[in-house]
Every structure is written in structure tokens, then in C-alpha cells.
Amino acid sequence: MVGAQGERGGIERRWRPDWPCPAAQILLVHRHGGGDPTYRLSGSTHWRAIRTPDGPATLRVRPRPSLGEIETEAWGSGAGWILDRVPALLGAEDDLTGFEPRHPVLEQALRLHPHWRIGHSSLVLEALVPAVIEQKVTGQEAFAGFRQLVVKYGEPAPGPVADLHLRLQPTADELRQVPSWDWLQLHIDPARSRTLVNAARVAGSLERTTGLDHAEADRRLRSLPGIGVWTSAEVRVRAHGDPDAVSFGDYHVAKDIGWALTGSEIDDGELEALLEPWRGHRHRVQALVGLAGLHRPRRGPRMAPRTHLPRPF
């Protein structure tokens, strides 16, 4: 990657991956709903507000497939840090060694998406906050809670992005100071808010899990009360790039993978047995099924958001 000062005051770098990198497809895993204030889309350009170890950053990613390049620009004290990690964020460190589709459905999905890779951010708290908020609630409720948390307790992203209303997630210190009644107003119940506050207290230790092997990272994440198999998997995929992190416990995942690969809905225990031949790449199977748009037929009305949360005092 070659860096230069951009016309708008940011640092510009162009990266030429050694494969036709589908940047949009890889990046969107970090977007939590269409109204996510930390992530904006403007045409084919992706904007992200990111808290790095070096400070806040705004990252602009513009794929240039006709040139075989990814055009990036960043602002803020964390600009250099995030630009150095763009290749990893877009899947350059993903290792497909040992992955064999072994099933006609996966072979077809791989033909449709041959260049997709698992990227990783190396930012654990950034991935953990929305994952905890998404525990055991509808997507609509989770996205709204995350959006309101960022709007109220985050801050504007650096750079010339005021028109995008791009905002940074709250810091660990800010999360620890959110009053209990504000969590309730955000429709984040005490179990989830307690998990977030406890995670914020050990944020430094959580960030250091990116230097560990995936099994040890999973063990340490799950040692924190309130973080189970599903939450750990969601975090490890985004922050660590773990190709084996399966979202066991998800309302849809087991049923959809079972339907795609066997023609029948299955439960988590059956899913674990079904995915055993792909151990080491089980998330890759989950992701390919999702990328191919394969899911069981939906029946009946969607789950409605909960209305029984306690009212703030």
C-alpha cells in the first residue's frame, strides 16, 4: 500500500490485492442494520467510524474493480493504524487451506462466491458491544438499541464527514458510566447491560485475545459472565477472523444450514454433528450458506419486538 496526503486532509492509500477482492461483501459483516451510525454507505463507498488503539479514525473504502485496486482514505489519530490493517480487514490473511466443499450446495455456493474471504478487525470491544446487544432479541430491537447507544454516548467521527452523521462507538470508560436507567431507555435489559459494563472493565484483556489461538480466545471470551457460545462466535469472526466460529444458539442458523444441506430443519446438536467434517472451517460453511441466500421457507409472522421491558424510574 502506498500512502499520500489526500485533498481533504486524510491519508490516502491504494491497495492492490492479489485476488479479485469483493470488498463490499466482506466489509458488510461489520454493519449492524441499515441505520448503523458507525457505518455508512454512499454509492459503492463504505465509511466506518473506528476506535483504534492509537485513537479515533474514520475509514473510507472505495473498491475499484476495473483497476484491481481498493482505494482507501482515513482521518484521525488512528488513521495510520487502520490503514495498515485494511488488507486483514478485507480478508488477505484468511487461510483456506484444508477447506473442501464436500457437498453440492457448498460447491455451488463457492462457485458463486469464489473470492469471498473472512476479514478481521483486531478490535474486540468494537465487535462485542453490538453482539451483546443482539443477544436473544429481534434484529429490529437490537439494531435500534445499538444505534441509540452510539448516538447518545458516542461522538462524531473525525474528518470531513459531518453530512454522513458518522459516529464512533462509546469508549470502554463511557460504557462503564452509562446509568442503569439509561440502559433501560435504550431497551437493553439488565442482563445485557451488566455484560457490557463488565466487558468494558476488562477491555484491555479482551483486546489481547487477538494475539491468541482461536480456541484460547474462545475460552477467555466465554469466561466473562454473559458471554456464551453465540456471542463468542460473533466476536471471533469479526475481530479474530476465526473460520471455525459457528453461531450455535442462533434462532435461524441451525435450521437454515440443516435445510440447505439436508433438506430438513435441525437443532444445534444435530448441526454440530453435521458440520464435523468441516471442523476448522465450520464458519466458512455457515457463511457460504448465507451468501448463497439459502434459508428454510419462513412460515407465519415475524417475531415481534418485546414490549415488557421495565420502565425507567
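The values are calculated or read from the model by the stated rules, or taken from the named source; none is laboratory data. The structure presented is a predicted model; accordingly, all values stated were derived computationally and were not measured. We place every Cβ from the backbone using ideal geometry, glycine too, and count neighbours over all the protein chains shown.
Can we say VAL246 is closer than 25 Å to ILE26 by Cβ, under 16 Å from the mean Cα position of the chain (by Cα), of a type in the set (Val, Ile, Thr) and part of a loop (DSSP other than H, G, I, E, B)?
Answer is yes for this residue.
Tally time: how many residues in the range 215-227 are part of a loop (DSSP other than H, G, I, E, B) and either closer than 22 Å to LEU288 by Cα or in contact (Cβ under 8 Å) with a residue 24 or more places away in the chain (or both)?
4
Of the residues that sit in the range 233-244 and are without any contact (Cβ under 8 Å) to a residue 60 or more places away in the chain and buried (at least 24 other Cβ atoms within 10 Å of the Cβ), which one is nearest to VAL124 (Cα to Cα)?
ARG236
Do we have any residue at all in the range 93-108 that's within 22 Å of the chain's Cα centre (by Cα) and farther than 30 Å from THR262 by Cβ?
Looking for residues that are within 22 Å of the chain's Cα centre (by Cα) and farther than 30 Å from THR262 by Cβ, one finds at least one in the range 93-108, hence yes.
Sort out which residues of the range 157-209 are surrounded by fewer than 21 Cβ atoms within 10 Å (Cβ to Cβ), closer than 26 Å to GLN140 by Cα and of a type in the set (S, T, N, Q), and write them in order of number.
THR171, GLN177, SER180, GLN185, ASN198
Identify all residues within the range 146-203 that are among the charged types (D, E, K, R) and touching a helix residue (DSSP H, G or I) at 6+ places or on another chain (Cβ under 8 Å); write none if there are none.
LYS152, ARG167, ASP173, GLU174, ARG176, ASP182, ASP189, ARG192, ARG201
Of the residues VAL229, VAL235, VAL285, which is more than 30 Å from LEU175 (Cα to Cα) and among the β-branched types (Val, Ile, Thr)?
The match here is VAL285.
I'd like to check something: does the range 220-227 contain any residue that is within 17 Å of the chain's Cα centre (by Cα) and among the hydrophobic types (A, V, I, L, M, F, W, C)?
yes
Does the range 249-274 hold any residues that are over 26 Å from GLY226 (Cβ atoms) and outside any helix (DSSP H, G or I), and which are they?
Hits for the range 249-274 are GLY263, SER264, GLU265, ILE266.
With the range 1-65 as the region, which strands (runs of 3 or more DSSP E) entirely inside it contain at least 3 residues that are of a type in the set (A, V, I, L, M, F, W, C), surrounded by 20 or more Cβ atoms within 10 Å (Cβ to Cβ) and modelled with pLDDT of 95 or more?
In the range 1-65, the matching strands (runs of 3 or more DSSP E) lie at 45-52, 55-64.
Among (1) surrounded by 15 or more Cβ atoms within 10 Å (Cβ to Cβ); (2) without any contact (Cβ under 8 Å) to a residue 40 or more places away in the chain; (3) on the phi < 0 side of the Ramachandran plot, which single condition is HIS283 missing?
Among (1) surrounded by 15 or more Cβ atoms within 10 Å (Cβ to Cβ); (2) without any contact (Cβ under 8 Å) to a residue 40 or more places away in the chain; (3) on the phi < 0 side of the Ramachandran plot, the lone unmet condition for HIS283 is (2).
Using beta carbons and a limit of 9 Å, which pairs, at least six apart or on different chains, have the first residue in the range 73-95 and assigned to a helix (DSSP H, G or I) and surrounded by fewer than 20 Cβ atoms within 10 Å (Cβ to Cβ) and the second one among the aliphatic types (A, V, I, L, M) and at pLDDT 95 or above?
Pairs found: GLY80/ILE11; GLY80/ALA57; GLY80/ALA74; TRP81/ILE50; TRP81/ALA57; TRP81/ALA74; PRO87/ILE70.
Can we say GLY249 is surrounded by fewer than 20 Cβ atoms within 10 Å (Cβ to Cβ) and touching an Asp or Glu at 6+ places or on another chain (Cβ under 9 Å)?
Against the criterion (surrounded by fewer than 20 Cβ atoms within 10 Å (Cβ to Cβ) and touching an Asp or Glu at 6+ places or on another chain (Cβ under 9 Å)), GLY249 qualifies.
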